[in-house]
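Throughout, read-outs are computed from the coordinates displayed, never taken from laboratory work. These numbers come from a predicted model, not from an experiment. Ideal geometry is used to build each Cβ from the backbone, glycine not excepted, and the neighbour counts take in all protein chains shown.
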Amino acid sequence: MTGIRLQAPAPGWSIDADVVVVGSGVAGLTAALRCTAAGLRTVVVTKARLDDGSTRWAQGGIAAALGEGDTPEQHLDDTLVAGAGLCDEEAVRLLVTEGPDAVRRLIATGARFDTDDTGTIELTREGGHHRRRIAHAGGDATGAEISRALVDAVRDRAVRTIENALVLDLLTDAAGRTAGVTLHVMGEGQHDGVGAVHAPAVVLATGGMGQVFSATTNPAVSTGDGVALALRAGAEVSDLEFVQFHPTVLFLGPDAEGQQPLVSEAVRGEGAHLVDADGVRFMVGQHELAELAPRDIVAKGIMRRMREQGARHMYLDARHFGAAMWESRFPTILAACRAHGIDPVTRPIPVAPAAHYASGGVRTDLYGRTTVPGLYACGEVACTGVHGANRLASNSLLEGLVFAERIADDIAASGARAGDPVPHPAPSVLPLLDPDARGRVQHVMTTGAGVLRSAASLAEAADALDAVYAEALHDGPGGNKAAEPGVESWETTNLLCVARVLVAAARRREETRGCHWREDRPDRDDTAWRRHLVVRLGPDRSLDVRATDTQDFPPTDADAPREP
């Protein structure tokens with residue numbers, strides 16, 4: 001066990017539970033509801049308010065074989081193709097076969113999807129899908145509707161929640177098993193005040209890490225906290241080099257930073273065209289699906305055309321939809337565009353790729369278990385093997401549903417109850433980064449490890465991140481730069497942690513695959529690189545990067561399936 005923790009005061013208060021779920025998106029709330037239904041004392045800890053995570057921002061929908069003529073096998077085939085040879089086929093098969101019933105249970109929980117006049121769920125199509133299998137709600141507000149339904153259910157069932165709380169580190173017992181988490185409730189008590197939830201099972205559902213880049217579709221809370229916590233606790237992470245850049249993000253200027261408005265893939269699914277400034281559909285001929293090719297292919301196509309023409313963005317043309325369709329099918333996107341002075345009814349939308357989704361994350365088995373006993377992960381923070389080198393559009397909400405249910409069933413079957421473990425604090429304390437370094441980290445990642453990467457750019461990024469890290473360790477040219485405990489320094493330290501891992505993996509993978517695009521290694525190399533890169537944080541804080549040909553864990557007693 002690595003046993004590293006963030007610099008922070010000892011917990012001044014604590015509560016006991018059977019399971020603590022960290023995060024309140026589709027994965028976290030589904031796990032919490034199912035754990036509660038199994039009679040487990042469940043606590044949900046979330047960084048903002050219950051409905052402020054990434055789920056509410058999902059526009060397109062949730063993919064499942066619900067339509068006439070569609071089958072899980074066809075969904076599996078599309079997912080494997082998008083994943084560029086790195087999907088775990090067993091995990092994907094589980095996703096697509098259990099997915100339809102999981103969606104039906106979500107509907108039973110209260111989620112209302114768009115239907116036609118007969119009450120049948122309307123299905124649309126997105127990139128990489130050969131069939132219409134994307135269920136949506138409110139036109140382009142699917143995530144908001146799913147979040148509403150799950151939040152209402154959590155409140156109806158009186159699940160205990162702690163909002164505005166940043167989780168810091170995993171607590172473990174003397175044997176290295178999970179014993180809970182430490183956390184800071186923002187806006188209450190002291191600036192560096194810390195509490196604890198003691199529990200023998202912890203579910204990480206903290207979402208993504210998009211804020212490690214300057215421009216992203218992710219909300220401000222997506223600072224990689226779950227991945228960083230897991231690394232410090234000794235867990236393995238995998239495939240972190242595969243960051244999906246959404247092809248069509250509203251271009252707000254070259255200096256735009258933070259969360260950017262997303263223009264859903266469903267807009268292309270309904271017939272919008274990608275064009276350059278001359279109106280040429282440049283994706284035609286590049287892939288059989290043209291604008292509806294998998295996201296990595298479309299993002300690369302946009303970047304190539306931008307580079308060829310010296311342009312800062314391309315255009316998404318959906319003027320032929322007409323006002324009525326825009327207002328009924330895509331009201332959220334329409335409002336966002338108009339708020340920035342662009343009316344898609346009368347002019348094409350300027351778009352460019354931006355950081356969107358982490359296909360990798362904390363490495364899990366088919367039950368969501370990590371390499372730390374009692375620690376689970378699901379949703380974007382996890383690497384279940386479903387996404388491979390590139391997530392298929394709208395598979396993320398489904399993954400959160402399916403694996404959250406499996407995690408809850410496994411926890412219920414484990415028999416773990418509060419009071420079993422006695423937490424022991426990790427012996428090693430990690431110095432904190434000055435919050436002013438956040439912008440530096442983001443700039444380094446955007447320029448050196450963004451959509452276009454090379455050996456040279458990644459080496460420069462690694463050197464720059466090492467310099468920032470050295471300052472936190474008191475070794476930088478500026479002297480002692482270690483910061484005082486607080487939300488800003490904890491977040492910035494987490495961002496640096498995930499940035500270093502991402503760059504280390506991207507440097508090691510000397511090929512182009514999925515959403516990992518190496519300009520100096522433009523070809524896919526299945527002979528050398530049809531394998532996963534697994535990273536652990538060593539006791540000396542060094543990064544151990546190794547290649548493995550399988551997503552499976554070494555066999556241990558903890559990995560044996562349990563019957564609920």
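For Ala215, enumerate residues with amide H under 5 Å from its amide H, sequence gap 5+ or separate chain, H modeled in the peptide plane. Residues meeting the amide H criterion: Gly258, Ala355.
Farthest toward the positive end of the dipole of the chain, out of Ala135, Gln259, Thr97, is the Cα of Gln259, where the dipole comes from beta carbon charges about the Cα centre. Take every DSSP beta bridge whose two residues both sit in the chain; close to 60 percent of them are antiparallel. A simple spin-label model places pseudo-atoms 7 Å from Cα toward Cβ; at Arg347 and Arg312 they are separated by 1.4 nm.
Based on alpha-carbon atoms, the Kirkwood radius and the radius of gyration of the chain give Rg/Rh equal to 0.95.
The three principal axes of the Cα atoms in the stretch 266-362 give end-to-end lengths of 41, 35, 26 Å, sorted in falling order. Annotation note: GluC sites (Glu not before Pro) in the stretch 1-102 located in DSSP loop regions with a Cβ neighbour count of at most 12 within 10 Å are Glu68. Taking amide hydrogens as placed 1.01 Å from N in the peptide plane, the amide H of Arg513 sits under 5 Å from those of Arg518, each at least 5 positions away in sequence or on another chain.
Distance between the modelled labels on Trp13 and Glu288, one decimal in nanometres: 6.0 nm (7 Å Cα→Cβ projection).
Calculated on the alpha-carbon coordinates, the convex hull of the stretch 431-524 measures out at 81 cubic angstrom per residue. Per residue, the convex hull spanned by the alpha carbons of the stretch 49-186 comes to 162 Å³. Our coupling estimate for the stretch 500-513, obtained by passing each phi through the Karplus curve with A = 6.51, B = -1.76, C = 1.60 and θ = phi - 60°, is 4, 5, 4, 5, 4, 5, 5, 5, 5, 7, 8, 6, 10, 8 Hz, Gly and Pro reported as x. Distance between the C-alpha centres of the stretch 368-446 and the stretch 239-297: 28 Å, rounded to the whole angstrom. Karplus-derived 3J(HN,Hα) values for the stretch 184-194, using 6.51 cos²θ - 1.76 cosθ + 1.60 with θ = phi - 60°, are 10, 8, 6, x, 10, x, 7, 4, 10, x, 10 Hz; glycine and proline are entered as x.
The GluC sites (Glu not before Pro) of the stretch 287-385 meeting both criteria, a DSSP state outside H, G, I, E and B (loop) and at most 14 other C-beta atoms within 10 angstrom of the site's C-beta, are Glu288.
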